[in-house]
Amino acid sequence: MLALLLTSCGATQQAAGPTSAPATSAPAPTSGPTPIPTPRPNEFVNPVLDQNFPDPDVLKVGDTYYAYATESGSVTIQTARSSDLVEWQMLGNALIVLPPWVKPGFDWAPDVSLAADGKTFVMYFTARDAASDKQCIGAATSDTPEGPFKYVGDKPLVCQVEQGGSIDPSSFVDEDGTRYMLWKNDGNCCGMDTYIYIQKVSGDGLMLEGEPTKLIKNDKPWEDGLVEAPTLWKHGGKYYLFYSANNYAGVDYATGYAMADTITGPYTKPSKEPLLASDLKHGAALGPGGQDVVLDKKGQTWLVFHSWDPTATYRRLMLEQLEWQGDTPVVKGPDRGPQPKP
């Protein structure tokens, strides 16, 4: 059985620094892993991007997919491009110049969406607010999905200092065109509860409207001290809030979901267990989280997420099919073997 033991100073991305948390030990399996069959031309195997690419967000623009991820090395916001969700080409730094309120080195969990004008791309990102020394959320725009994005404003867009800060922004546009931002208060940094929030934003995505609403909190045993990384998806007239929970730097980190009939809830968590959890027997996924949902060119839903590599030193980009059994989302996997391509 694979084991993964990581150092951590709290169940939050802050323990990771700009890249990833080091492993104190990652014992090898007692026997070698089963060889993975060579995929045929119409198949793929995970990971789809075998390098440090945490907290992935994927945006489809025409027939091209763009992926964005937490900083790595000198790259503040990583960017990659694909035509099929399987083969990825790394691009440049999507956010070269940081806003004046940012203390560099803690830039996480970007989200990119298309504004209401149909031509401007809006990036939300998490960064360290120098004044409060808490993680907060900023915004930037670009005329192209590749960037570089230019920051907007001289202060954070969301910064709940009294609740430990604000991280993991995510955008959602409802069927009537109303735009929203979701995020998590970073309360676990300071011994407080964590909540997933939602709030309306303007058509350009750069101004908050109304007041934020709490959707869910950490209240299931498997979630331990936090919920984070929200992704809102609408299917069959219902709202599905996918999220990650537990300590990101270990095998208990996993992906769950809640559902509601209206966008502001109330949300219920139908299952006592995660939707996607570590596969300790085969090592197909270790600490799967930071998820996003994307449609392939056939209209099928897929879950993209990160998972620790076998040495527990970096988080790789993974892809699994997301199916629907009535009102219930089901992930096919995690699987080490070949799967049909999107």
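The values are calculated or read from the model by the stated rules, or taken from the named source; none is laboratory data. Since this is a predicted model, take the numbers as computed values, not measurements. Neighbour counts run over all protein chains shown; Cβ positions are idealised from the backbone, glycine included. All accessible areas refer to the heavy atoms of the entire protein, side chains included, with ligands and DNA or RNA removed. Shrake-Rupley method; radii C 1.70, N 1.55, O 1.52, S 1.80 Å.
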TODO: At a Cα cut-off below 22 Å, give the lysines reachable from Lys269, other chains included and same-chain residues fewer than 8 away excluded.
DONE: Lys184, Lys214, Lys217, Lys220, Lys234, Lys238, Lys332
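In whole percent, how big is the carbon plus sulfur part of the accessible area of the chain, probe 1.4 Å, protein atoms only?
Numbers: 7130 of 13790 Å².
Within the chain, the accessible surface is 52 percent carbon and sulfur.
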TODO: Using only alpha carbon positions, build the gyration tensor of region 124-171, then give the equivalent ellipsoid semi-axes as the square roots of 5 times its eigenvalues, largest first, whole angstrom.
DONE: 22, 11, 7
Task: FRET efficiency, Lys281 to Thr178 (Cβ-Cβ, R0 45 Å, nearest 0.05) - done: 0.55
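Treat every Asp and Glu Cβ in the chain as -1 and every Lys and Arg Cβ as +1, leave all other atoms uncharged, and give the resulting dipole magnitude about the Cα centre to the nearest 20 debye.
Values: 27 positive and 41 negative charges, 82 e Å.
Dipole size: approximately 400 debye.
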Open item on the list: So for region 103-241, averaging the separation of alpha carbon pairs under 8 Å that are six or more residues apart and normalising by length, what relative contact order in percent results?
Closed with: 18 percent
Open item on the list: For region 103-201, compute the orientation-averaged projected area of the C-alpha convex hull (one quarter of its surface), in nm².
Closed with: 6.6 nm²
Task: GNM flexibility winner over the chain from Pro266, Pro47, Pro56 (Cα, springs under 10 Å) - done: Pro266
Task: Placed amide H near Gly225: partners under 5 Å, 5+ positions off or other chain - done: Asn246
Task: Distance between modelled label sites at Thr64 and Lys234, nm, 7 Å Cα→Cβ extension - done: 2.8 nm
Task: Label assignment, semi-axes √(5λ) of the Cα gyration tensor in Å derived from the structure, set (1) 48, 26, 14; (2) 28, 23, 21; (3) 39, 21, 18 - done: (2)
Task: Probe 1.4 Å - accessible area at Val45, Å² to nearest ten - done: 40 Å²
